[in-house]
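A.B. asks: Okay, handing you the structure first.
Only the coordinates and a few stated rules stand behind these numbers; no lab work does. In this text, all values refer to a predicted model and were calculated from it rather than measured experimentally. A quick note on method: Cβ atoms are made from the backbone with ideal geometry, for glycine too, and the neighbour counts reach across all protein chains shown.
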Amino acid sequence: MTTRNAAKLPSQEEICYTVETLSVVRCPQDGKAPWNTMASSAVNASAAPADPTILSRSAHSISRSQIDENTLKVLYRLHRNGYQAYLVGGSVRDLLLGRTPKDFDIGTDATPQQVKKLFRNCFLVGRRFRLAHIRFGSDQVIEVATFRRHPHPDELPEDPEEHGTFLQNQFGTPREDAFRRDFTINALFYNIADFSIVDHVGGLQDLKDCRLRVIGVPGVRFAEDPVRMLRALEFSARLGFSLETETLDAIAENAQIIAEAAPARVREELLELFRHGVGAEVLQRAQSLGLLQPLMGGYQAGETTFKLLASLNQSFRKTGNVDESMILACLFIDRFWQKCPVHASLPINEVLLSAGHLLTPYCNHFRLAHGLRHQAREMLVGCYRFARGLGHRGQKRFLLNPETPRALEMFRLWNQASDGEPGLVETWQKALHTGHEPADKPVRPPGRRTHHRPRRRRRSKQNPGSG
Ligand code: ATP
Ligand code: MG
């Protein structure tokens, strides 16, 4: 059990202040720039008090009714069997901020094997980082992680190749586990034994002050895991929390090393930005800090693209769906117009080829599925068709294509971002709605039969070479 230190408990006044502040805390967000910065104050294990700050049940706003039922079941079973069981990570942060957590993660001192013994529906996953996944029904997985620690450099294996696995699997105390996390507000624990909040790193104060603080020295923590730089920008934007100047400087200094992060992981974090509606502002901020290029395989964007991404994010919010192929097409549409200007009247085949060439390096970098690239390419070509207006060959088929409405939505967003002519979008919307070929039919050169295809001559079976 976590040692409690009565002297460390906040006074009643502090408690009321904390509870009130935490339950009503509203930081600048939803479209407002959260990029205010503040002076730095490092959080490190040796300087922090040995005992955590503990807020008893009456001193905070988290109630069990806000916690998912199956998560509570897991917490209780671990606790009944003599293990420490905490709600950890983003769920505690979000509950304290009055937000709905995306998921509930559990931390415990039971090893993955011990967790497995307690739950029939438990599966151990991860080669490097062993985790217990407890499944409920067909669609819920609760992640249970054993408390881990940062080993001392002397303890590391001689072979540097083994460092990663070794580092990930050093079990530790709750305090050690808190200090290996990324930001103070992500290192708060909710203890099921007495429903208290346990804070080893000063996260409660940071929640109150609306600031995102890296645990440890930012430069060192970013060098350990460069993806933390992107997470810093993400959480700052999502919550409207300020970033310390030291953190921003460390991002600018270490930006290049993010190129070494696994593309699959970066891609997942990028999608996460759009799921939380902060894709545009985080990418723009990343660009200003020199992080975007190494992050996205050399990609850079202009003002209009960021404006477009912001509208795209708003449209995702309305539908509740994040469409990766549309993100991809939006990232490249500005460059696409440069390669394929509408006034150049290029044949569609050529446009198709150019769009494909544009997307290929990025898709290869992130190893995106062929289908995704195909959809994004079709969307770009769709925009080209919309931009050149009604009355061209193949228009009827294009209007009947089930993908066309998506392309038109993207064209609408692009038009909005680039202050284009809204009348064109409306005309196409009408044409799409009625499904009829518009009055001004394609003009074809007289005497040319566009549907005529020369027949192929059959090869004779007996003599395949002849014919
Ligand atoms: P959300 O799920 O709402 O996006 P989260 O804080 O729960 O936010 P997760 O990615 O689910 O984020 O991670 C869960 C927790 O794991 C984090 O709160 C943090 O404590 C820890 N964590 C995640 N990624 C890292 C990292 N790269 N370095 C250190 N700790 C991390
Ligand atoms: Mg989470």
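A.B. asks: To the nearest 20 debye, what is the magnitude of the charge dipole of region 305-434 about its Cα centre, counting +1 on the Cβ of each Lys and Arg and -1 on the Cβ of each Asp and Glu?
C.D. replies: Value, rounded to 20: 200 debye.
A.B. asks: Also, I was wondering about something else. Taking 0.36 nm per residue of separation and subtracting the Cα-Cα distance, what length does fully extending N81 through H433 add?
C.D. replies: Once the chain is fully extended between N81 and H433, it gains 120.5 nm.
A.B. asks: Follow-up question, since we're still on this one. Treat each spin label as a single point 7 Å out from the Cα along the C-beta direction, and report the L400 to S138 distance in nm.
C.D. replies: 3.5 nm
A.B. asks: Return the loop-located trypsin sites (Lys or Arg not before Pro) in region 67-121 (DSSP other than H, G, I, E, B) with at most 10 other Cβ atoms within 10 Å of their own Cβ; answer none if there are none.
C.D. replies: Numbers: sites: K73, R77, R80, R93, R99, K102, K116, K117, R120; in loops: R99, K102, R120.
Qualifying residues, ordered by number: R120.
A.B. asks: Still on this structure: Which links in K102/K307; K208/K307; K318/K430; K102/K208; K318/K339 stretch past 24 Å when you go from one Cα to the other?
C.D. replies: Listed pairs above 24 Å: K102/K307; K208/K307; K318/K339.
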